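Quick notes on the structure that follows.
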Amino acid sequence: MTNPDALAHAAAGEITDGQTIGLGTGRAASRAIRAIAQRVRDEGISICGVATSEASARLAEELGITLVPLDQAERVDVLLDGVDELDPSLRMIKGQGGAMTREMIVAHAAERRVYLMQAHKRVERLGERCPVPVEIFGPGRELVRAALSAVGIEGEWRTTDDGTVSLTDNNNPILDCPLDGSLAPEQVRSLLLDTVGVIGHGLFLDEADRVIIEDEAGALEILDRPD
């Protein structure tokens, strides 16, 4: 019988005693956090976590994982995080949970980046399933939106169920920008980085060292970025 937590345990198997672990955001990442906590309980390993969102921090604390606040972290050995879309080149869209800026910071600090996902999130072209989330500096949000529109990047403000604009943990709004294929993901990333007022984005094009994929039956496939 396939272990229903095989994905989470495979991800948690990446860590070793004494490491500082980046704790991602979302359902898959939450499974990994639970598997890490189980290793701490069962094996007595000593690790610290750096959470990429307030939700992940709360879960880690509930499970007894020692946390280093993001603003005090000086290193990250391994990041375990989820994926919203993955293309054949291991390029990803992340941030449907609104944590893309913190996730990007931790990813670039980490010595090794491991992502876990379900197979239905694989796509041939980024943007097939979800837009690129962009975190915008709140006080100038419409000016920044207009600047992005001027270079060909359109978007809609993400809203909550009551119609108010969704905010990240950093208290900034999220502009969801579809990828229609007219611009390559690398071009979009460059334009976002060049636009004053863009705080962060969900185009993770070079970050994955390993992706662990779970199919509907719970079987795993491991993809590694070529050296």
- Backbone N within the range 8-42 under 15 Å of label point (7 Å from H120 Cα along the Cβ vector): 27-28
- Item | Selection from Q19, P139, V40 lying farthest towards where the dipole of the chain points positive, charges on Cβ | P139
- Using a 10 Å cut-off on Cβ atoms, rank the peptides 87-96, 213-222 from the highest mean neighbour count down. 87-96, 213-222
- Any residue on another chain or 5+ positions along whose placed amide H is under 5 Å from the amide H of L79 is listed here as G22, R112, R113, V114
- Note on the structure: Using the Kirkwood radius over Cα pairs of the chain, the Stokes-Einstein translational diffusion coefficient at 37 °C and 0.692 mPa s, in µm²/s and rounded to a whole number, is 183 µm²/s
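If you take the square roots of the eigenvalues of the alpha-carbon gyration tensor of the range 96-227 and sort them as a ≥ b ≥ c, do you get rounded (a/c under 1.5), prolate (a/b over b/c) or oblate?
The shape class here is prolate.
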- Query: Among H201, T168, L148, which residue has its Cα positioned farthest towards the positive end of the charge dipole of the range 141-227, with +1 placed on the Cβ of Lys and Arg, -1 on the Cβ of Asp and Glu, and the dipole taken about the Cα centre?
  - Reply: L148
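A short reminder: the numbers here are calculations on the coordinates, not readings from a lab. Quantities reported herein were computed from a predicted structural model and do not represent experimental measurements. Neighbour counts are summed over all protein chains in view; Cβ atoms, including those assigned to glycine, are modelled from backbone coordinates with ideal geometry.
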